[in-house]
Amino acid sequence: MAVSPIVLAPDPGRRRRPAGHARLRRRMLHAEYHRLACDLLHALPGLSVAGIHLPVPVEDETIRDEFAFVVLSDGSVGPFYFSLGTLPGELWRMVPDPSRPDPSIRSLVDGFLGGQEAPKALAMGAFNALSRSLMRRAGYRPDGPAGTDGPAPGDTVGMVGYFGPLVERFTARGVNVRVLELAPERIPEGPGIETAADAGGLCGCDTILCTASTLINDTLDDIIGGVGDAGRIELIGPSGSGLPDIVFARGVAGVGGVAFDDVTRLLSRVNAGEGWGDAGRKYRIPGDGYPGFPALCARAALTEDRLRPGARDPGK
């Protein structure tokens, strides 16, 4: 399997970056994702878009917390966050018939290069689906414990995005929570719960759980720059289910995503407007244990060689 892999230099230090650094990296983030997505397309020829599945519309979208899915011809699924500002209406206009998608995978990933959030969201879904295809072919099945399991009583956990069930779990065992949320009205008042006005307000937290939707709205580098220590950040959520090379190059400690092994079960839930949580498998990839894109490509090529009729087992 021929590849032309993206080369990412590791983050040189986990320290507060100089002014302007976050703005510069932010301009680079989606260009880097586009390049890695194109490398994936080169490594995985012959794939096409089988469907783009959006949540069923409801009368009031203001308090929804939903995801959409790009599905490829080999059954690989790429989730991405849907309930982001005006994104639902824009996506419903762009994808009027999810079962008959018009765009090619390349046209979807090219959405990283524009200025609109809806094409970027679809691009992230396509990137996540391509990533899943490569991980599956390489036999790479991350299953590490979630980065949400570690906080101890008395710790302070920062959150970028409000994760209601996690807040309840943490505060019930004496963990303090400080939340930075685009819609602060979603954050309830209660003991152990604070709000942050900006990323700098999370600097004193022991660890920071950051929603992967920051990859779509292009704010991850602002968060890293404001916090000043990417090594305390765990990126979590279905939108982060793609290859983590780019965020690990920024020093992020770990990435939590979700994989779907039964696409039929998932889509039956989504199309019926039902919860799909039990159709996926959550996992965490640690920054210090991830093999990297080139190594996964090499593994996938070896796997395909072994599957060819008459192929000699290289282990013999």
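The values are calculated or read from the model by the stated rules, or taken from the named source; none is laboratory data. Bear in mind that the values here come from a model prediction, so they are computed numbers and not experimental data. Don't worry about glycine lacking a Cβ; one is built from the backbone with ideal geometry, like all the others, and counts go over all protein chains shown.
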Residue in segment 114-125 that is closer than 28 Å to R186 by Cα, crowded, with 21+ Cβ neighbours inside 10 Å and of a type in the set (D, E, K, R) present:
yes
Of L220, L266, L182, L166, which residue is of a type outside the set (F, W, Y) and buried (at least 23 other Cβ atoms within 10 Å of the Cβ)?
L220
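Being in contact with an Asp or Glu (Cβ under 7 Å, 6 or more places away or on another chain) and at pLDDT 95 or above is the filter here; which residues of segment 255-280 pass it?
G256
Identify all residues within segment 281-293 that are more than 20 Å from L166 (Cβ to Cβ) and at pLDDT 95 or above; write none if there are none.
To start, the set of residues in segment 281-293 that are more than 20 Å from L166 (Cβ to Cβ) comprises 287-293.
Answer for segment 281-293, where residues must be more than 20 Å from L166 (Cβ to Cβ) and at pLDDT 95 or above: Y290, P291, G292, F293.
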Go through the residues of segment 171-193 one by one and say whether even a single one is free of Cβ contacts under 8 Å to residues at least 12 places away in the same chain and of a type in the set (D, E).
yes
Residue hits (segment 129-182; part of a helix (DSSP H, G or I), touching a helix residue (DSSP H, G or I) at 6+ places or on another chain (Cβ under 6 Å) and either of a type outside the set (A, V, I, L, M) or within 21 Å of A197 (Cβ to Cβ) (or both)) are R137
Of the residues in segment 269-291, those that are assigned to a loop (DSSP other than H, G, I, E, B) and either crowded, with 18+ Cβ neighbours inside 10 Å or not aliphatic (A, V, I, L, M) (or both) number 10
Answer yes if at least one residue in segment 229-244 is over 18 Å from the mean Cα position of the chain (by Cα) and either farther than 17 Å from F127 by Cβ or modelled with pLDDT of 95 or more (or both), and no otherwise.
yes
How about segment 165-189: which of its residues are among the small types (G, A, S) and either touching a Leu at 6+ places or on another chain (Cβ under 6 Å) or modelled with pLDDT under 90 (or both)?
A183
When (1) within 16 Å of A230 (Cα to Cα); (2) out of contact with any helix residue (DSSP H, G or I) (no Cβ under 7 Å at 6 or more places or on another chain); (3) of a type in the set (A, V, I, L, M) are applied to A199, the one that fails is (2)
